[in-house]
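One structure below.
The values are calculated or read from the model by the stated rules, or taken from the named source; none is laboratory data. All of these numbers come straight from a predicted model, not from anything done at the bench. FYI the Cβ positions are ideal-geometry reconstructions off the backbone, even for glycines, and counts take in every protein chain you see.
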Amino acid sequence: MKKIAVIGGGAAGMSVAVMLKKRGFSVLVLERGERLGRKLSATGNGQGNVTNTDMSKAHYFSDDNEKVARALARFGANDTVKFLESMGGIFLPDARGRVYPASRQASAITDLFRRELARTGVEIRTGAFVKGVSRKGEKFIIELEKGREEVDRVVLAAGGKAAENFGTDGNAYAIAKAFGHTVTPLSPVLVQLKCRADEVRGLRGIRVDGLVRVLRAGKEIYSGRGDILFTDNGVSGDAVFRASSYTEKGDTLLLDLLPDVSEERLTSLCAGEDSLLCVVNNGLARALCKRANGKNLAALIKRFPLTVEGTLGFMRAQATRGGVPLCETDESLQSKHCKGLYFAGEILNVDGECGGYNLQWAFTSAFLVAEGME
Ligand SMILES: Cc1cc2nc3c(=O)[nH]c(=O)nc-3n(C[C@H](O)[C@H](O)[C@H](O)COP(=O)(O)OP(=O)(O)OC[C@H]3O[C@@H](n4cnc5c(N)ncnc54)[C@H](O)[C@@H]3O)c2cc1C
C-alpha cells in the first residue's frame, strides 16, 4: 500500500488526508503545531464560512483561472457541503450565500475532521515541523526537526504566508523551490487597509453598511458593498477585506456611507451636524462636517475619499496572493518537475475573495489531489 505524507494539517491537509484514506492509501499528516486545524477554527469570525453558493472562477485570482474553473466544475460549493456533511453536521447558506455550519462554530468543523481522521485511521503527528523534502529513487525522504520519514508520495499543504500565528510563515515555499518550482510575488490580501491618518481621524470604531469603490488613476476597478469599520489607521470590515483583493498603495477608496439614500435627498437635508441626526452615526456626522468645512456635505457622504497607504501586512491578513503557479502543476496539482509531489491549498498561486472562497479552494484542491493520486 502506498504511503502518502501530507505536510500541513490545515483545511487542505485534513481534507486530502480524509479523501486519500477513503481511496485506500496509508496517510501520515505532519503538522508543526500542537493541534490540527487551528486556522480553520478561527475562520469566519469563529463561525466558519466554508463556501459560497455564488461560486465561479470570477471570485479567484491565479495564473490560470480556466484551470480554477475546471477544478470548481469537478468539486464546487455543493460538493463541499456534501463532503463536510458526510462527516457530520448541517451546513446552510445565509441570505448572502455564505455557507456556515448550522451551529455557527468554526471549531466544530475542525472537530468533525479530527473525529473522521481518527475514525478512519489516518496517522497524525503534531509538533512535527518539516524542514525539507528530498528524493531518493522512487521514494521521498522527509526531514523533520526530530527524525525522518520515508514515503511514496508527498502532498505539500503547508499554507501560505498569511496569519503567521497559525503556523503559516511561508517556510514551505522553500520546499517547493528545492524541486525547481518558482513562487510568484507574494502579498497579503483580505486585510485591513491603511489610509492617510488625517482622513480617518475621529472615526475609529464607527461601523457603517456602505459601498467601497476602488479608483486607480481616476478609473473604477472595483466596487462592493458591506461592512466598513473605521480603525486607528484605516478601514476594515468585510467590504474592505473584499476590496483589499483589488487594491494597491496609492489607490483611492471612495466610500458611499449611505448607499440606500440618494444624493438629492441628502442635499435637501444636509445643513450642518444637527441635520444628520438619525441619518448617520453622530461621531461620523461630526467628522464629516469638519472635513466638509462648509462645502457639500451630501457629496462627501456619497463620495468619502481615502488614500490607500498600504495594508496591515501578512501578520493581519487572512490570505496570501501568489504562491506556486498552477502552470507548474498538472490537472491533479501534481508537480510538473517532480512526479509524486502534489500541492493543495493556499501554497498555490490561488486566492479567493472574502466569503468562503479560500476554504472552497482548500477543499477543491484537496479533491483534485486525492482523485489524481496514483
Ligand atoms: C482569521 C482568518 C479567518 C479566515 N476566514 C475565512 C473564512 O471564513 N472563509 C474562507 O474561505 N477563508 C477564510 N480564511 C482563509 C482560510 O482559512 C485559508 O485560506 C485556508 O485555511 C488555507 O488552508 P490551507 O490548508 O492551505 O492552509 P492552512 O489552513 O494555513 O494550514 C497550513 C498548515 O500547515 C502547517 N505548516 C506550515 N509549515 C509547516 C511545516 N514546515 N511542517 C509542518 N506543518 C507546517 C501550519 O501550521 C498550518 O496548520 C481565513 C483566514 C484567517 C487567518
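Quick notes on this structure:
- Residues satisfying the stated conditions in the stretch 129-157, i.e. at pLDDT 95 or above and over 21 Å from LYS2 (Cα atoms): PHE129, LYS131
- Residue within the stretch 285-303 that is among the charged types (D, E, K, R) and closer than 30 Å to GLY44 by Cβ present: no
- Scoring VAL208 on the criteria (1) under 27 Å from CYS289 (Cα atoms); (2) within 14 Å of the ligand (Cβ to nearest atom); (3) not aromatic (Phe, Trp, Tyr) leaves a single failure, condition (2).
- Selection within the stretch 326-366 - out of contact with any strand residue (DSSP E or B) (no Cβ under 8 Å at 6 or more places or on another chain), of a type outside the set (Asp, Glu) and surrounded by fewer than 22 Cβ atoms within 10 Å (Cβ to Cβ): CYS327, HIS337, LYS339
- Considering (1) in a strand (DSSP E or B); (2) without any contact (Cβ under 8 Å) to a residue 60 or more places away in the chain; (3) among the basic types (Lys, Arg), the lone condition that ARG115 does not fulfil carries the number (1).
- When each of LYS131, LYS139 is tested for being more than 21 Å from PHE61 (Cβ to Cβ), near the ligand (Cβ under 9 Å from one of its atoms) and not assigned by TED's automatic domain parsing to the domain that holds THR252, the lone residue that passes is LYS131.
- With respect to the conditions (1) in contact with a helix residue (DSSP H, G or I) (Cβ under 8 Å, 6 or more places away or on another chain); (2) more than 9 Å from the ligand (Cβ to nearest atom), ASP351 falls short on a single one, namely (2).
- Of all residues assigned to the stretch 4-15, at least one qualifies as being away from the ligand (no atom under 13 Å from the Cβ), in contact (Cβ under 8 Å) with a residue 40 or more places away in the chain and surrounded by 16 or more Cβ atoms within 10 Å (Cβ to Cβ).
- Scanning the stretch 35-65 for residues that are near the ligand (Cβ under 10 Å from one of its atoms), surrounded by fewer than 21 Cβ atoms within 10 Å (Cβ to Cβ) and of a type outside the set (A, V, I, L, M) returns ARG35, ARG38, SER41, ASN45, GLY46, GLN47.
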